[in-house]
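Participant: Following this message is one structure expressed as structure tokens.
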């Protein structure tokens, strides 16, 4: 039926014909598109053979030494075969690295399950889903930190991809709720609330994240009473939350300003109070509008976790730097950075693709 509606009174073109039409319309439809397409094809033809030779044909696999790799013409995948666990898990005890691996598997399973609408219907309410997430986070913290039958592992030994995920996901999720309060506070009719919200947002946005991390790690121990000790990971996590909450608050405020005044008036005519109006009518529409901005901030948070290297915490990039510093593999670094860049690219591409799918499903951006 769909084919008859799309091509009434005619036989539907074959797949090669439809593909040819798409290629002509999108790649060669105009002079500018033709020039750009040909330039890209020439670039690919010129560079692709060399890239393939370096990545695969001339590459060295284990067993191979650093001297053999430095003398060779291709990539040294023997280096990654020897150091991939250090890059992924950082300084976490080698014999216990099954624990961060299991923690990441649990995290990925929760993320995948939460991305499907059916999960929300099965959960019944968002509160139940949040409770399940809280239990999963507690299980991840138990796996990484130990106790309860597992050998304790200090947070200073946490590193690699698990540390990157903890800082970015927990930080962005917590910052999101704080950002909602800040955005509402900035639009509040109460002068004190509005002034405090504006002051916080402008102050934090005017300070680089590196500055907040330094204050959290260096200055915080100097201003707290003697004997009070807060874990360095917790301090870095709080710095991430405070920093990205300010940026998310401005994005959410833009969504709130885009809601027509008639929505507020309709809620008032129904006798809804302020919080029910915001929670049931205004915020769902505002958040739908700002999905692209929020995802962009979250992607930035995921990549900015690499800054914790300056406070002696080994995230994914920091672990790669530690791996290439091994004297046995001195002089090899491209493979480590390529491996890390691929991980960042995959995660960011998946977040971007899911946000676009979510926008289409919710109808965001439609007039």
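Participant: Return the Rg/Rh ratio of the stretch 104-208 with Cα-based radii and a Kirkwood Rh.
Facilitator: For the stretch 104-208, the value is 1.09.
Participant: Provide, for q = 0.10, 0.11, 0.13 Å⁻¹, the log10 of I(q)/I(0) from a solvent-free Debye sum over equal Cα point scatterers in the chain.
Facilitator: Result of the Debye calculation: -0.89, -1.02, -1.23.
Participant: While we're looking at this one, here's another question. Using alpha carbons only, how many angstrom separate the centre of the stretch 178-244 from the centre of the stretch 17-47?
Facilitator: 49 Å
Participant: Restricting to DSSP H runs of at least four residues, report the calculated mean residue ellipticity at 222 nm for the chain, -39500 (n - 2.57) per run over all residues, nearest 500 deg cm²/dmol.
Facilitator: Helix-only estimate at 222 nm: -21000 deg cm²/dmol.
Participant: In addition: How do 178-189, 217-228, 99-110 rank on mean C-beta neighbours within 10 Å, highest first?
Facilitator: Output ranking for 178-189, 217-228, 99-110: 178-189, 99-110, 217-228.
Participant: Kirkwood hydrodynamic radius (Cα pairs, Å) of the stretch 147-266? Don't jump to the answer; show the numbers that get you there.
Facilitator: Details: mean 1/r = 0.0607 Å⁻¹.
Across the stretch 147-266, the inverse of the average 1/r is 16.5 Å.
Participant: Could you give the distance between the Cα centres of the stretch 86-112 and the stretch 127-148, to the whole Å?
Facilitator: 14 Å
Participant: Under Stokes-Einstein, with the Kirkwood radius over Cα pairs standing in for Rh, what whole-number D in µm²/s applies to the stretch 216-327 at 10 °C and 1.306 mPa s?
Facilitator: 91 µm²/s
Participant: Can you give the relative contact order of the chain as a percent, counting alpha carbon pairs under 8 Å and 6+ residues apart?
Facilitator: So the answer I get is 19 percent.
Participant: Where does each of 141-150, 319-328 land if you order them by average Cβ count within 10 Å, highest first?
Facilitator: 319-328, 141-150
Participant: Hey, fewest Cβ within 10 Å first, where do 315, 58, 73 land in order?
Facilitator: Least crowded to most crowded, the residues run 73, 58, 315.
Participant: Another question about this same structure. Packing-wise, with mean Cβ within 10 Å as the measure, how do 237-245, 46-54, 88-96, 64-72 rank, highest first?
Facilitator: In descending order of packing, they fall as 237-245, 88-96, 64-72, 46-54.
Rule-based calculations on the coordinates, nothing more; no lab input. No experiment lies behind these values; they were computed from the predicted model shown. Please note: Cβ atoms are built from the backbone with ideal geometry, for glycine as well, and neighbour counts cover all protein chains shown.
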